[in-house]
1. So ILE438 passes all but one of these: (1) within 18 Å of ARG283 (Cβ to Cβ); (2) surrounded by fewer than 23 Cβ atoms within 10 Å (Cβ to Cβ); (3) of a type in the set (A, V, I, L, M, F, W, C). Which condition number does it fail?
2. Among the residues of the stretch 471-500, count how many are in a loop (DSSP other than H, G, I, E, B) and on the phi < 0 side of the Ramachandran plot.
3. Can you tell which of ARG410, ARG392, ARG437 is within 21 Å of the chain's Cα centre (by Cα) and of a type in the set (Lys, Arg)?
4. Given the conditions (1) modelled with pLDDT under 95; (2) out of contact with any Gly (no Cβ under 6 Å at 6 or more places or on another chain), which single one is not true for LEU153?
5. Report, by residue number, each residue of the stretch 94-118 that is over 18 Å from GLU228 (Cα atoms) and crowded, with 21+ Cβ neighbours inside 10 Å.
6. May I ask you to list the residues in the stretch 35-49 that are modelled with pLDDT of 95 or more and open to solvent by less than 60 Å² (accessible area, probe 1.4 Å)?
7. I'd like the residue in the stretch 500-541 that is out of contact with any strand residue (DSSP E or B) (no Cβ under 7 Å at 6 or more places or on another chain) and under 30 Å from ALA478 (Cβ atoms) and, out of all such residues, is modelled with the lowest pLDDT.
8. Can you confirm whether the stretch 52-64 contains a residue that is assigned to a strand (DSSP E or B) and either open to solvent by 50 Å² or more (accessible area, probe 1.4 Å) or more than 15 Å from ARG250 (Cβ to Cβ) (or both)?
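The values are calculated or read from the model by the stated rules, or taken from the named source; none is laboratory data. Note that the structure is predicted; figures quoted are calculated from it, not measured. We place every Cβ from the backbone using ideal geometry, glycine too, and count neighbours over all the protein chains shown. Please note that ligands, DNA and RNA were not included when accessible areas were found on the heavy atoms of the full protein model with its side chains. Shrake-Rupley method; radii C 1.70, N 1.55, O 1.52, S 1.80 Å.
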Amino acid sequence: MTAKQTIESGKAVLGIEFGSTRIKAVLIDEENKPIAQGSHEWENQLVDGLWTYSVDRIWYGLQDCYADLRKNVIKEYNCEIETLAAIGISAMMHGYMAFGPTGTASHGAPASESEKILVPFRTWRNTNTGAAAAKLSELFNYNIPLRWSISHLYQCILDNEEHVKDITYITTLAGYIHWRLTGEKVLGVGDASGMIPVDPETKSYNKEMVQKFNELVAPYNFPWKLEEILPKSISAGEQAGFLTEHAAGRLDVSGHLKPGIPLCPPEGDAGTGMVATNAVKQRTGNVSAGTSSFSMIVLEKDLSKPNEMIDMVTTPDGSLVAMVHCNNCTSDINAWVKLFKEYQELLGVPVDMNEIYGKLYNHALEGDADCGGVVAYNYISGEPVTGLQEGRPMILRSANDKFNLANFIRTNLYATVAVLKLGNDVLFKEEKVQVDRITGHGGLFKTPGVGQSVLAAALNSPISVMETAGEGGAWGIALLASYLINNKGMNLADYLENIVFAGNTGVEIAPKPEDVEGFNKYIEYYKACLPVEQKATECKK
């Protein structure tokens, strides 16, 4: 079939992912290849000290993203999207969305949505949950990160927030959108494992930890038990509901999209990143590097002990994964590149952002392997892995350091993966985790070879990047939606390996010994100067 025939016959599959700065839709054909895209730019807001996106902005973003996709389909293929073979919804993981009958309805919500949001959505970026995360980590004997939903819930309890007694449901952003589109309170197991730990054997929440939590909060006499307010955890390939008539009109405001389309389990961006890089088998891994960064290594066995740098989550089909999550990645270097854009405009030189990134990034490779002693901290927000509750972007150098353009850009590139290296050093050096292939995807890898070389030096491991690296999580959730209807009894790893990627492992770059040595020197400078970054956060403007 041509792409137009695929769309007109209703055999195209749609994936939509809510990232931190962009909502992206990808339409794929029966061979899992992208045939159309749409997007919507957005930014989180700091409201009353907490990072959030309003419910109205969530829905406007979804509708505008779909409208952009529809516009591009009409322009490219001169046809309408009337129906689809399947839909998948993904979003940034973790955070806190609590609902109850006494909450606030979103604009345009139907009367049937009796459970309304109780407090503004709290995203993964918030670091106000330190006391809760520490208590739960001790109680469970398991690392519970600040951004996990259970940390947010317990912090609300510790802070005596009035809304907690009224909770009837808590979920993630992906789970919320899926629920409103289908009426089903479910969550893909990968996303669920970022709410509260999941048992890889049962693919559902760890019963012992759920019971311990219930006992912990029993003195508060809430009218709910934890298991009653969580979404049901389900694996990739399981039925997760169908697009309702009201939701079809809510997604496509033009009124062309028909109801009844099946949806796959909603997943988090970590899970879709694993799928998009063919990294769901044991001994494979991937690194997603954009606004935030995280590495995912699929384990052969559990780690020897909990470590606060390592989060234990699962693949979309329930295999155990060691995750190193960093709140900051490319935002600060993007800000510096925009500064060079302003300078170029000041000179009256035409601006091509791809050219600016390409020139600067490639020039960085000419710098010293240790950046000449120049150190960058890219902390736009707090960074839990290094113990920083707030962020202050900084460049540190001494009078004797080699401060030039190549080293300046190189240190900012190193900063994008420095915290990632700290966590992965625990996995590879202390836990002796073995990995056969690590694949990178996300904005850091758009300039061919540069981000890939930097990451290879940081992790001292070959890094692969595929041609599809730029498609990202929206493509990943589209693949999960395709797997729902086309799996033919195959497990997810085999489906990806044999059907989607057909043995393609991308282009690999191996680390150069001199770059590995240079990055190791850099990371020692980086760790030694962390107290300066900490002190800067204590100095309020």
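1. Only one criterion in (1) within 18 Å of ARG283 (Cβ to Cβ); (2) surrounded by fewer than 23 Cβ atoms within 10 Å (Cβ to Cβ); (3) of a type in the set (A, V, I, L, M, F, W, C) is unmet by ILE438, namely (2).
2. At the first step, the residues of the stretch 471-500 found to be in a loop (DSSP other than H, G, I, E, B) are 487-491.
From the residues that got through so far, the ones that are on the phi < 0 side of the Ramachandran plot too are 487, 490-491.
Going through the stretch 471-500 one residue at a time, the tally reaches 3.
3. Numbers: ARG410 fails: within 21 Å of the chain's Cα centre (by Cα); ARG392 fails: within 21 Å of the chain's Cα centre (by Cα).
So the residue among ARG410, ARG392, ARG437 that is within 21 Å of the chain's Cα centre (by Cα) and of a type in the set (Lys, Arg) is ARG437.
4. Going through (1) modelled with pLDDT under 95; (2) out of contact with any Gly (no Cβ under 6 Å at 6 or more places or on another chain) one by one, LEU153 breaks only (1).
5. HIS94, GLY95
6. Matches in the stretch 35-49: ILE35, ALA36, GLY38, SER39, HIS40, TRP42.
7. GLY503
8. Narrowing the stretch 52-64 to residues assigned to a strand (DSSP E or B): 52.
Adding the requirement that they be either open to solvent by 50 Å² or more (accessible area, probe 1.4 Å) or more than 15 Å from ARG250 (Cβ to Cβ) (or both) leaves 52.
Yes, because at least one residue in the stretch 52-64 is assigned to a strand (DSSP E or B) and either open to solvent by 50 Å² or more (accessible area, probe 1.4 Å) or more than 15 Å from ARG250 (Cβ to Cβ) (or both).
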